[in-house]
Structure formats: C-alpha cells, structure tokens
Number of protein chains: 2
Amino acid sequence: MTYRAPVADIAFTLRHIAGLDAELERGAFGDLSADLVEAVLQEAGRFATEEIAPLNAPGDRAGTPLEDGVVTMPPGWKEAYRKWIEGGWASLTGPEEFGGQALPTMLAVATQEMWNSGSMAYGIGPTLTVGAVEAIHAHATEELKRTYLPKLVSGEWMGTMNLTEPQAGSDLALLRAKAEPRGDGTYLIRGTKIFITYGEHDLTDNIVHLVLARLPDAPPGTRGISLFLVPKILVNDDGSLGERNDVWCRSVEHKLGIHASPTCVMGFGDNGGAVGWLVGEENRGLACMFTMMNNARLSVGIQGVAIAERATQQALAYARERRQGRLPGMGQEQAVPILAHPDVRRSLMTMRALTAAARAICYQTGHATDLAHRAADEAGRKAAQERANLLTPVAKAFSTDIGVEVASLGVQVHGGMGYIEETGAAQHLRDARIAPIYEGTNGIQAIDLVTRKLPMAGGAAIAAYIAELRDIARQVAESNQPVFGRMGEGLGGAIDALETATAWMLEALKAEPDAALAGATPYLRLFALAGGGAALARGALAAQAMNGAGAAHVATARFFADNLCPEAAGLAATVTGGAYTVLGADVALAG
Amino acid sequence: MTYRAPVADIAFTLRHIAGLDAELERGAFGDLSADLVEAVLQEAGRFATEEIAPLNAPGDRAGTPLEDGVVTMPPGWKEAYRKWIEGGWASLTGPEEFGGQALPTMLAVATQEMWNSGSMAYGIGPTLTVGAVEAIHAHATEELKRTYLPKLVSGEWMGTMNLTEPQAGSDLALLRAKAEPRGDGTYLIRGTKIFITYGEHDLTDNIVHLVLARLPDAPPGTRGISLFLVPKILVNDDGSLGERNDVWCRSVEHKLGIHASPTCVMGFGDNGGAVGWLVGEENRGLACMFTMMNNARLSVGIQGVAIAERATQQALAYARERRQGRLPGMGQEQAVPILAHPDVRRSLMTMRALTAAARAICYQTGHATDLAHRAADEAGRKAAQERANLLTPVAKAFSTDIGVEVASLGVQVHGGMGYIEETGAAQHLRDARIAPIYEGTNGIQAIDLVTRKLPMAGGAAIAAYIAELRDIARQVAESNQPVFGRMGEGLGGAIDALETATAWMLEALKAEPDAALAGATPYLRLFALAGGGAALARGALAAQAMNGAGAAHVATARFFADNLCPEAAGLAATVTGGAYTVLGADVALAG
C-alpha cells in the first residue's frame, strides 16, 4: 500500500519529453531555474509520500458522513490539508496579484500527479478550487476578485463547480436552476445540483460555489445560462465571515470509490434563496466555465496517471515479494518471486509503459498550455493554444482509461489477494473508475477531439502534430542504436495508422459526420498510442545520450513500440471500416 | 437493475452455434428432445429472472456476516436455494445412479449462465458442489459415494474445494496441510485453507469439504498431495447427521465484490484434528482435482458471460431511457435517448458482441466436453476431448476478461450514475473482477493454452480448429450475402493472424519457451477473437436462413468482424515481436 513519489521519472518526463529544459533555456518561464524545479518536485514528492499517501486507505474506509448538514472529512484530513496550504501548494499556479506563485502549469501538473497518487480523493478537491480561481480571475468583477481570490488562491477557502442537475449531465442545455435579480446587484439562486465534488466539508471555513443557472426570460438551451458565485458563508464588507447562505448539502452519494471525496447533492434556496453574484456576462455562463474546462480536464487526466503509478508500484512490490512457482532445477519447496514469470512481467511492463506514456502526454499538454500564454510571439502562442486544445481531450481520456486498465492489471497481479479490500489494490480500481466519467465523459472527449479539434486551423494543428511524431520516428531510425531494436518500426506503424485514420476522419466529418462520431473512441486511443509511443521514444533518445543512466526509459519506450503500438493499425481499420455496423445496429440493440 | 433471461439468444447459440441441434438429430444425447431443451431453458430463465435476480443487490449490501462460527447468508437466500433444489436444478448433470439427471453439460452451462446473471454470488456456490460431485464420483470409494453423493447431487448438502493456503495459491507444490492416518481408514486433517468459497454458510445442513493435504512422509511438491473428504458434520452409519467435525470458519474476507458469496479462512483441526476420508490414491490428489478442474473453469468462464449479459441489459435499458443531447432541428429543451449517439451505440454493440462471442465459445466448450464422453466412436471422443481441452482455457480467460470489460463499459454508459452504488452498474464491475482470478488466473489459463494445449496431438488439435474457422470464413465468403458486408474479410484477417501466431508459438515452445510464455496472454485474446468471430459468423449463416428473424445475430457478427477482429493482427505482431522487450525489461522493473 506504500507509495513513493517517482520524482526522478517525473523530472525526466518534464525535462526531456515535455520540453521543460528547452523552455528554461529560452527563458519562457522567467527566472524559474532547474534547481527550483528540482526543489519543488522533491518537496512535493516528500509531502505526497509522507503526508497524503497514508490518508488514502483510512479515508476510503471512513468516507465523509453527513450529519445535520455537516460533512465530516476522515480523521487526519483537515490537519494534512492545513499543512498542505501552509506549504504553499494550493497557490502554485495562482495569479501573483492575489498571492499566487504563477508557476508553470506543467510543473503544477507534475505536483498534481503526486497529490493524486497519494490519494485521488484528496487530489480532486484542490483541482476544483484552482478551476474556480481561474473562472473568477478571468470573468468576475474586481470586487469579487478582491473578496474571494486571496483566500481561494491560498487554499484557506475551497471552490466548487455546480453544473450537473438530475436531468442535465453531459447536456447542459437542459439545465433548470434559476437566478432571480434582487435589484441590488445580487441574485437569488434556486435549484438542485448533483454530483458536486467537495460540495460540503469541514476542511475550510468557507466554500465558494460557482453555479450555473438561468435568469428569468433567458433563452432556452446553452445560450441562456449564466454563472454565479454563491458562497456557503456570506462575506462581510471587512472580509470577515457573516451569515450562512441558503445553500445546503442534502445528501452525500454512496459511490464505488473516492469515498473520502464528498460528492454532494446541493440544494440552493431551500429556505427562500441563496444569495449569488453574477460572474461574467448574463447568458454567457458556459463560456466562462469553458475558461477552466481545459485545465480541469488535464487535472483529471493526471488523476489517471497518478492512480496508474500507484497501482504499478504496489503490484511491482507484490510481484517481488510473492513467491510461487520455480525454475527448472529448483527444489520442490522453493519458489521464485512471481516477477520472474514472463506473463507477470508483461503485465507489469504494460502497466509501466501505459503509465509513462499517459504521463508524457499530460505533461506535454501542460507545456502547450503554458506556451499558449508565454510563448515569445503571437504565432507561437496560437500554435501552442492549438496544441493544448488538440491534446487536452487525449490527455483526459487516454490517461483515465489507462488508469482503470492499469489498476485492474494491478488487482490481477495480486491474484486472490487483489480481490481482498485490505490489500488496497482494489481501492485503486474503485477510485480510478470515476475519472473516465467526470469532467466530460471519455466519449465526449473523443467527440471533442474529432469534431472540434481535428478541424482546427483547417487541419493544420493535427498535421503539425503528426509531422512532429514522424520527426521523432525518423530520429529513432537514424540514431541506428542497436538497443532501440525495432522501436522505429513499431512507432512508424502507429503513426501511419494515425495518419490514415486522421485523413479518413477529416473527410467523414464533411461527408458523413455520424460515421466520424462512431469512430471517435477508437480514434482517440489510436492517437494516444502514436503520440504516447513517440513521446516515450523522445525520452529514449534523450536517455540514450546519458550513458546508461536512462536505460529504463529506453526499455519502456521499446516495450511500448513492440507491444502496444501494434494495436494502432487495428484501431485505424476499426475507425475507417467499422462505422457502418455501429450505426446500422438497430436490430441488435432493439428491446 | 432488472435482468430478463435472454432465453431466445441462449437457445439460438446452443442450437445453431454450439451444435446442439446436430447432436439431437444424431441422438448423441439419448432421448433428449428439442422440446425438453426449450422447456428447461424457459423454466431456468423464469427462475433466474424471478427468484435469483432480485437477491443480487440486497445480497451485495447484506454480505455474509460471521458470528460464533456461524455464517449467515443474506435474507431470502436460503428460501431461494430451497426452491432451486426442489426445482431439480442442482442435479441437472449429476450421475443418474445417485439421483442426477445426467443432462448434457452444454445445457447445464446455459442454465449456469442464467443463475450467474441472476447473481454471481449465488451461481458460484452450486458450481463448487458440482465439482465435488465429479471428484467423488470419479475417485472415491463406493461407501463414500453412497454416503455423500445422493445429498450432494440433490443439493441438500453443498461441497467446497480446499486447495489454497497462504503460501500456496497458483503453486500447490508449496502446500502444507497435513493428514495423519488414524489406523481405522480415516485421517486427521490439520491446516489452514484460505479463499474457500462457500466454506461456511447456512444454506444447507451439511457442507462437504474436499481438502488437499500431505500424508506423513509424502514426497515434496505436487507428487505428495492427497485428496480428502472432510464433512462439516460427521455422518452416522444410518445417514443421519452426527457430531460436529473439527473444521471451522475462522473469518470471512472483506472483498471487492460477490459479497453474498462467503469467502472463508478455514481452520482444520484447531481442536485436535478434523476427521477425513481419502479420495482416490495416496499422493494422487492433484490428479483427482484435475478431474473437475476443466468443468469448473468452464463454469467460471460462464460467469463472465453472465455478468456481461446482465451489464449489457442494464446499460441498454438506461441508454433507452436517459435523454441527453439533441439531433439537428430539435428544440433546445428536447433531448434524445443517449442510445441515439453513435459513440454510445459503439459501447453497447461492443458489449453485445463480446458477450455473444464469449457465450458461443463457452457453449462450444460445453459441447466438446459432452462429446468427449458421448461421441459415437473412440476417435470422435478423443477429438472432442482435445477440443474441450483446447477451448477450456479460452472459455475461462476470454469470458472473464470480457466480463470485466463489459461491466466497466456498462458503468461508463451510465455516466455519473454508474459510479453511484444504488444504480447497480458498479456492483457488476465489482462482482465480475474476481472471475479472471479464481479457478486459475487468466495468466495461468494462457500459459496452459500455449504450453499444454497447442502441442496436443503434435499440433493437430489446434490445426483442426483453425481449419474449422477457415471453413466458416469460406462459407461466409461464398454465401455472397450483401447483408454480411465485409464480414468475411474481417474474420479472415483474424484467422490469418491466429495461424501466424500459432506457428510462431509452436516453434518458440521448442526454441525459446520463455518467449512463448511472454506472448501467452495476447495469444489467448487473439485466439478468442478469431474463434469468437467465427462462432458468431456461424450464427449469422444460420440466422440468414431464417428470413430476417435472425437479423440481430447477423448485425452482431458483422459488428464483431468489422470492429473487433481488426485487433487480431496487432496481437499477432505483439506475440511474435514483443517477447524480447518483455523478457529483457529488468532495468525498467528494478526497485
């Protein structure tokens, strides 16, 4: 059940795969130094390993009971959170004018991985606060910013996102919550929101809810939704806490996993109306939410990486310890660690390689997100924003899919012990299973990738990405390193498949959009195999220059190319040849 | 959370894919008629739907608490079990001389699917009793048979398998339980067994444990293990129940799923020694166990099918009911059932097709198992036994793997609701997750397939199987049915891949066995895609002759060929090209 933050792997991926070293040299991150990066990662790793990881299993068992409107977090969580904000971890990316450290997103993503490996139920809370900070910073009035941002940035208060209603999940057009102007610049909010993560808890004195609701006479659908800030406790003019607002946790869901993350049904206005303030323009609430959506999706993607990393560590530790079976010539009462068995090694290498690829894609997405604001020129910022837009759905969906797959493999490596809750392997699977669902289901990510991201810039964004992958494959081939084996071939095959499927998709979007939609999920997986394989190959190229110190990166990249990239061609065939039988399957799906 | 037994699909698969109709015509099953088969399936379907399915969720919540050595089954379970044995369901395949009905295994497998769809925690109990009956019937003395078989066959008593010990799971050579002869033909058994399914419960008055243990001075390893029958309650000469034997449930595991199946730590001889009787010869216990192992593996395979079927039904019902999103031209306040979305359709068709393919493989395995005893001539029986041996690991591993995959897709189709325990989708995932582990992990199944089953009869068994698949692909191509689309191509590609990988495996087994082991898991998956795709195509050929009544079978087969068979070539590439990076990955798996 132990977790040790893989700081060296994380630093390697940031520096040599996601491009941090190059940005530090170019000065894109101001005076951020390699030493400071190292110090941040080391200290975050220590905190995640020593302070958060031990909360994970007890938090799963204790859950977050609701009594008389009060949700109690598991024992030790409040103290850990206090230490965490004192360490400055909440404010890593926050705006400097409100006390934030304005560090790069890619560095923050690396720390998020560690918090979530420590405990996914812990990691998700601050993610939502960061999202609230972004939305308020980008869209709220100066007064709201001054009142709320300093405490949200520091983590003294936490934030939530209130979108979902029983009839409106993926489809926010169906949203019904109401906001009525009171004439004094405030609004009375009424309605029910469900699946509100950290909707109520006792970690902080106040909770700042961002709530989507409709103004009277707002147009139907998504063009009639506005965003409101609704604090749990109203804030007095002097900044002190005032009266309790009319927003209440009605119940806490009984979930498959992340038991220590309170998922609340929130009632707004049960006693007349919750006081709220408009954020951004009327009826433009969805646009305001989209401000933070990309980052939140990346943060959920990193949860997949995080749980995969922890599950891999635990399975590997078990496989080194557990002895079953023997090699030829051994005595009948002896046994080897199960790590010696080729089939177990395949499982563990699959876990390792999928985790490393997803990590690389997430960090690359963070890098692009940073450069979208920090690149030297407008063209660079535009290209980076497109790259971030392109990669975000892949980072979210692939990473969370492999989070579940790796956690499930982790259970399997443990054999019967994996099915016993005390072992902890099963908790990882239970926890991991939410990430492909929330913050936009992975199906919606795939549809976003295909319908909105591929056509960006007339297809130039995806073309540039594929060209980059090709360049890596070319470098692998030209390096002529025997230790790379057939890495270039495996990778090249995956890139070919991506190119074929992409061309087909761009055509299908025009000619038969439903066929494109039918292939979206296998297309996203294919994209990630090519992109992930290339990212690991980039790491292998860098590692090979390190005289053996990076041999593990080479072995992982090569395993990925030889064993996982071959899936790509089949996925391309499914994308280009499978739509008809998806769309025409009425008879097989009839009642 | 409802389940309706898919009796028509089950009957179709038995009759037209697994070959039941042909056997009825040939008279291989004596006077068994199509009408009786239909009646059995209908009544089993009714019982599973009405009596067992409603126990599933409450059983999950109640679990099986242990108090003062007594394990209490959830409310309603004892009554349901009583009705079930009164209906004659326990004795379906039991030997006629002890009250059994001696019906074909393939028919029993079909009923097992329904019990397990009703509740996996329910279904697993009787499976172990059937295994105990087989072992006792094949190996025990006449006296033991007379004493125990009538009540085990009827289900009045239940049986268990006591193999695993803390240090001896997959590796029974490490087993330590002791059996000491008392000089009167009985033995005193002492030791601890873990993961004993239905080791203690209150469904029946007696429980008959089959226990592996070592005689004094037995050789080490697997050649020194004997099998003993150890009843919970000793049986008097007149058949009445006598004294309590010294075997006790020490604890019940807290598991991820199948909460209503008591998984026990059993202590034998805590107060001196449990009285046991030798079954079969001394030191030949493993061979006796293997008697029932194949059938038990098939029974676990069918659990994967069963949970996949139930998860598919539930997801499909939700997808018809849940409305999100709209088609072009619809009003902003309208929404379509999510079943209308191509990506959701892909998920549901994937669930449907994987379930159908696994069902077909399991029923075909049952068919081969039957013919191994009932074929007209020795050559036929031998070929059938080889076919059963070949397919059993595939039936077990593929079906239980897809059980988890389909249940996970089912959670995903439900979106956020899937993560809430009350919905029931998550329980299917939790329940399904044990089946790839118990009764020989799926890794062990894959190794068994590659190292023991492929070389059977000098490779002739697998060659005959591949030739059969080819023949189906040929029929598809020659049928020239437009409605089959590219089914022949997809299927042909998968069979090509299987042939390539098989040839490579047979070579590798001689030249570099570790490389064969490293590819065992992807090879098994590849085998199942080709075999499952061909089985569905066989169904499509039969369905096409039914003038449209079988259109759903055609659509499912075609979806499988177009969307799932393309994975096969990549798997073959992994098998033939990936071993080096599995075996040479030390550096990436170092501590």
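Side notes on the structure shown:
- Of all residues making up segment A:138-164, the number that are in contact with a His (Cβ under 7 Å, 6 or more places away or on another chain) and part of a helix (DSSP H, G or I): 2
- Odd one out for B:VAL394 among (1) closer than 19 Å to B:SER119 by Cβ; (2) of a type in the set (Val, Ile, Thr); (3) more than 10 Å from every other protein chain (Cβ to nearest Cβ): (1)
- Single condition A:MET417 does not satisfy, out of (1) in contact (Cβ under 8 Å) with a residue 24 or more places away in the chain; (2) farther than 19 Å from A:GLY304 by Cα; (3) within 19 Å of the chain's Cα centre (by Cα): (3)
Every residue, every condition in (1) more than 18 Å from B:GLY493 (Cα to Cα); (2) assigned by TED's automatic domain parsing to the domain that holds B:ALA503; (3) charged (D, E, K, R); (4) in contact (Cβ under 8 Å) with a residue 24 or more places away in the chain, yes or no:
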position: B:LEU541; (1), (2), (3), (4): yes, yes, no, yes
position: B:ALA545; (1), (2), (3), (4): yes, yes, no, no
position: B:GLY548; (1), (2), (3), (4): yes, yes, no, no
position: B:LEU564; (1), (2), (3), (4): no, yes, no, yes
position: B:GLU567; (1), (2), (3), (4): no, yes, yes, yes
position: B:LEU571; (1), (2), (3), (4): no, yes, no, yes
position: B:VAL575; (1), (2), (3), (4): no, yes, no, yes
position: B:ALA579; (1), (2), (3), (4): yes, yes, no, yes
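- Test: residue in segment A:63-74 that is crowded, with 16+ Cβ neighbours inside 10 Å, among the small types (Gly, Ala, Ser) and on the phi < 0 side of the Ramachandran plot: no
One line per residue, one yes/no per condition, for (1) among the aliphatic types (A, V, I, L, M); (2) closer than 30 Å to A:ALA508 by Cβ; (3) out of contact with any helix residue (DSSP H, G or I) (no Cβ under 8 Å at 6 or more places or on another chain):
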residue: A:SER408; (1), (2), (3): no, no, no
residue: A:VAL413; (1), (2), (3): yes, no, no
residue: A:PRO436; (1), (2), (3): no, yes, no
residue: A:THR441; (1), (2), (3): no, yes, no
residue: A:GLU468; (1), (2), (3): no, yes, no
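- Number of residues in segment B:245-293 that are closer than 21 Å to B:PRO74 by Cβ and assigned to a loop (DSSP other than H, G, I, E, B) equals 9.
- In segment A:481-492, the residues that are more than 10 Å from every other protein chain (Cβ to nearest Cβ) form Cβ pairs under 7 Å with partners that are surrounded by 18 or more Cβ atoms within 10 Å (Cβ to Cβ) and of a type in the set (Lys, Arg), at six or more places apart or across chains, as follows: A:PHE484/A:ARG558.
- One residue alone among A:GLY280, A:GLY285 is closer than 30 Å to A:MET120 by Cα and at pLDDT 95 or above, and that residue is A:GLY285.
- For segment A:494-591, the helices (runs of 4 or more DSSP H) that sit wholly inside it and include 3 or more residues that are more than 10 Å from chain B (Cβ to nearest Cβ) and within 23 Å of B:THR521 (Cβ to Cβ) are A:520-544.
- Number of the condition not met by B:GLU439 [criteria: (1) among the acidic types (Asp, Glu); (2) in contact (Cβ under 8 Å) with a residue 12 or more places away in the chain; (3) surrounded by fewer than 24 Cβ atoms within 10 Å (Cβ to Cβ)]: (3)
- Options A:GLY224, A:GLY155; residue that is out of contact with any Ser or Thr (no Cβ under 8 Å at 6 or more places or on another chain) and not basic (Lys, Arg): A:GLY224
- All positions within segment A:155-176 that are more than 14 Å from chain B (Cβ to nearest Cβ) and surrounded by 22 or more Cβ atoms within 10 Å (Cβ to Cβ): A:GLY155, A:TRP157, A:MET158, A:GLY159, A:THR160
- Among residues of segment A:26-62, those that are of a type in the set (Ser, Thr, Tyr) and either at pLDDT below 95 or out of contact with any Ser or Thr (no Cβ under 9 Å at 6 or more places or on another chain) (or both), counted: 1
- Among the residues making up segment A:283-327, those that are within 14 Å of another protein chain (Cβ to nearest Cβ) and hydroxyl-bearing (Ser, Thr, Tyr) are A:THR312, A:TYR318.
- Out of A:LEU215, A:LEU203, A:LEU210, one residue alone is within 16 Å of A:MET266 (Cβ to Cβ) and in contact with a strand residue (DSSP E or B) (Cβ under 7 Å, 6 or more places away or on another chain). It is A:LEU210.
- Test for B:GLY304: is it at pLDDT 95 or above, crowded, with 24+ Cβ neighbours inside 10 Å and assigned to a strand (DSSP E or B): no
- Failed item in (1) in contact with a Ser or Thr (Cβ under 9 Å, 6 or more places away or on another chain); (2) within 20 Å of A:GLU468 (Cα to Cα), with A:GLY380 passing the rest: (1)
- Taking every residue in segment A:257-269 that is over 13 Å from A:GLY63 (Cα atoms) and pairing it with any residue that is among the acidic types (Asp, Glu), at least 6 positions away or on another chain, the pairs with Cβ-Cβ distances below 6 Å are A:GLY269/A:ASP246.
- Considering the conditions (1) surrounded by 19 or more Cβ atoms within 10 Å (Cβ to Cβ); (2) among the hydrophobic types (A, V, I, L, M, F, W, C); (3) within 14 Å of chain A (Cβ to nearest Cβ); (4) assigned to a loop (DSSP other than H, G, I, E, B), B:PHE195 is excluded by exactly one of them, (4).
- Filter result for A:LEU509 (under 25 Å from B:PRO566 (Cβ atoms) and at pLDDT 95 or above): yes
- Test: residue in segment B:376-384 that is surrounded by 24 or more Cβ atoms within 10 Å (Cβ to Cβ) and in contact (Cβ under 8 Å) with a residue 60 or more places away in the chain: no
- Spans of helices (runs of 4 or more DSSP H) in segment A:10-118 with at least 1 residues assigned by TED's automatic domain parsing to the domain that holds A:LEU149, among the polar types (S, T, N, Q) and farther than 25 Å from A:ASN294 by Cβ: A:34-47, A:56-62
- Top-ranked residue of segment A:410-436 - restricted to ones that are surrounded by fewer than 24 Cβ atoms within 10 Å (Cβ to Cβ) and of a type in the set (A, V, I, L, M), ranked as farthest from the other protein chains (Cβ to nearest Cβ): A:MET417
- Condition check for B:LEU316: in a helix (DSSP H, G or I) and of a type in the set (A, V, I, L, M): yes
The values are calculated or read from the model by the stated rules, or taken from the named source; none is laboratory data. The shown structure was predicted, so the numbers you read here are calculated from the model rather than taken from an experiment. Note that each Cβ is placed from the backbone with ideal geometry, even for glycine, and that neighbours are counted across all protein chains shown.
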